[in-house]
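Colleague: Quick one: this structure, given as structure tokens, is what I'll be asking you about.
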Amino acid sequence: MKIETLRWTDNKLEMIDQRILPTAFEYLAYDSAASVAEGIRSMVVRGAPAIGVAAAYGVALEALRLSASTLSSALSLQGRGSMDVDFNAGMEAGFTVLAQSRPTAVNLFWGLKRMRGVWESVQGQPNAAVAQRLLAEAHEILAEDIRINRAMGAFGAELLADGARVLTHCNAGALATAGWGTALGVFRSAVEAGKKISVIADETRPFLQGARLTAWEMVQENIPVTLITDNMAGFMMSCGEVDAVVVGTDRVASNGDVANKIGTYMVAVLARRHNIPFYVACPLSTIDMAIASGADIPIEERSADEVKGFRDYHWAAEGVSIRNPSFDVTPAELVTALITEKGVVRQPDRDKLRALFK
Ligand code: MRU
């Protein structure tokens, strides 16, 4: 089954509603920057690369929407000058609402920066032409993301031995990207290359991306997968049942520190304790060379309701105080290697990361 996390249908963006998987499989349709921003904020779409692609479509949708509405106001006898002011102000508002949707995954800001660059390159052209150019760029970002995942998959597959039992945390799969996946893309590529791989999926409290999404993807793909709760990882490692860890990331700082789903740091510490390689599948769009270290990465704090229980059912004692940081930072020293589309970077540091962008 080919998983199309995001797709362009009838001049709208459609995204799989990841909040209801695996109980139900449904697409929701989006037609503006504000609606896409809400889709990102509410976790209809999640995962760093998928968020970046969604944001790019959000910009294109806003341009299409504004060009249609400014055209109709021009036809009702407003001048071209005011039409452009409306369009440009509307676009700026669209960029702002998208940038405010979630803070940690740098792919969001990477996608917006790329779309702004394209917008600036076609300033002065008719608004409808600008919108079409932005839509073409969003399509290209989506296609490119799948190509990049395939390239990372091929490099990563070489790191896994035939028969490897690989632990992953959260969901860095097709659902977290435009398709194929980063960490799960490595597993798919290894299987495609003829290796027998089995996956151990951490449940990933509190949003259960592992239990709901990674387990579902691997079951669809017929890749053997075993679900564990997050607090079982150390036991599994101590029993010699984990050969490698592969995770995705939301932002890598210029010194190689890795932000990923809360609990990843704990897994990395355990992996080091048990001499198990800890790999991070990371497209270049997730590397933030503008920040010195993981201490500069904004960590999203989500609603207490996610920790109190799941969906509408709450089991925590009423009145208890709750923290819900959604990501943590694994220091570069615990990372065996980054798997990028340009190759494998062992023991990442600032010089090695800088070299990737030359
Ligand atoms: O809160 P989420 O579900 O957006 O968090 C996702 C993760 O932490 C993923 O591991 C990361 O974005 C990499 S996805 C290829």
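Colleague: Just for the stretch 70-118: of the residues that are of a type in the set (Lys, Arg) and either at pLDDT 95 or above or out of contact with any helix residue (DSSP H, G or I) (no Cβ under 8 Å at 6 or more places or on another chain) (or both), which one is surrounded by the fewest Cβ atoms within 10 Å (Cβ to Cβ)?
Modeller: LYS113
Colleague: Could you list all residues from the stretch 123-164 that are assigned to a loop (DSSP other than H, G, I, E, B) and buried (at least 17 other Cβ atoms within 10 Å of the Cβ)?
Modeller: LEU159, LEU160, ALA164
Colleague: Considering only the stretch 199-246, state which residues are within 13 Å of LEU167 (Cβ to Cβ), surrounded by fewer than 17 Cβ atoms within 10 Å (Cβ to Cβ) and β-branched (Val, Ile, Thr).
Modeller: Once the filter is applied, which keeps residues that are within 13 Å of LEU167 (Cβ to Cβ), surrounded by fewer than 17 Cβ atoms within 10 Å (Cβ to Cβ) and β-branched (Val, Ile, Thr), the stretch 199-246 yields THR226, THR229.
Colleague: With LEU167, LEU213 as the choices, which residue is assigned to a strand (DSSP E or B) and either more than 30 Å from GLY58 (Cα to Cα) or not hydroxyl-bearing (Ser, Thr, Tyr) (or both)?
Modeller: LEU167
Colleague: Checking the condition surrounded by fewer than 16 Cβ atoms within 10 Å (Cβ to Cβ) and either under 22 Å from the mean Cα position of the chain (by Cα) or at positive phi (or both), which residue from ARG346, ARG311 passes?
Modeller: ARG311
Colleague: Looking only at strands (runs of 3 or more DSSP E) that lie completely in the stretch 267-352, which have at least 3 residues being more than 15 Å from the ligand (Cβ to nearest atom)?
Modeller: Correct list: 343-346.
Colleague: I would also like to ask the following. Does the stretch 129-179 hold any residues that are within 26 Å of PRO224 (Cα to Cα) and away from the ligand (no atom under 16 Å from the Cβ), and which are they?
Modeller: ALA154, ALA157, GLU158, LEU159, LEU160, ALA161, ASP162, GLY163, ALA164, ARG165 - these are the residues of the stretch 129-179 that are within 26 Å of PRO224 (Cα to Cα) and away from the ligand (no atom under 16 Å from the Cβ).
Colleague: Further, regarding this structure: May I ask you to list the residues in the stretch 13-44 that are more than 24 Å from GLU137 (Cα to Cα) and touching a helix residue (DSSP H, G or I) at 6+ places or on another chain (Cβ under 7 Å)?
Modeller: The answer is GLN18, LEU21, PRO22.
Colleague: Let me ask something additional. Let me spell it out: the conditions are (1) more than 10 Å from the ligand (Cβ to nearest atom); (2) touching a strand residue (DSSP E or B) at 6+ places or on another chain (Cβ under 9 Å), and THR204 meets all of them except one. Which number is the exception?
Modeller: (1)
Colleague: Taking the stretch 1-53 as the search range and keeping residues that are polar (S, T, N, Q) and crowded, with 16+ Cβ neighbours inside 10 Å, which one is nearest to SER67 (Cα to Cα)?
Modeller: Top of the filtered list is SER32.
Colleague: For the stretch 267-275, check the following and say yes or no: at least one residue is in contact (Cβ under 8 Å) with a residue 60 or more places away in the chain and either surrounded by fewer than 21 Cβ atoms within 10 Å (Cβ to Cβ) or more than 28 Å from LYS342 (Cβ to Cβ) (or both).
Modeller: yes
Colleague: Here's something else I'd like to know. Check TRP119 against each of (1) under 29 Å from ILE20 (Cα atoms); (2) in the same structural domain as ARG41 (by TED's automatic domain parsing) and name the one condition it does not meet.
Modeller: Only one criterion is unmet by TRP119, namely (1).
Colleague: Something else: For the list (1) surrounded by fewer than 24 Cβ atoms within 10 Å (Cβ to Cβ); (2) under 20 Å from the mean Cα position of the chain (by Cα), I need the number of the one condition that LYS196 fails.
Modeller: With respect to (1) surrounded by fewer than 24 Cβ atoms within 10 Å (Cβ to Cβ); (2) under 20 Å from the mean Cα position of the chain (by Cα), LYS196 is out only on (2).
Colleague: Being free of Cβ contacts under 8 Å to residues at least 60 places away in the same chain, more than 16 Å from the ligand (Cβ to nearest atom) and part of a helix (DSSP H, G or I) is the filter here, so list the residues in the stretch 1-51 that pass it.
Modeller: SER35
Colleague: On the given criteria, is PRO22 in contact with a Leu (Cβ under 8 Å, 6 or more places away or on another chain) and at pLDDT 95 or above?
Modeller: So PRO22 fits the description; yes.
The values are calculated or read from the model by the stated rules, or taken from the named source; none is laboratory data. Being a predicted model, the structure only gives us computed values, none of them experimental. Cβ: placed from backbone, ideal geometry, glycine included. Neighbour counts: every protein chain shown.
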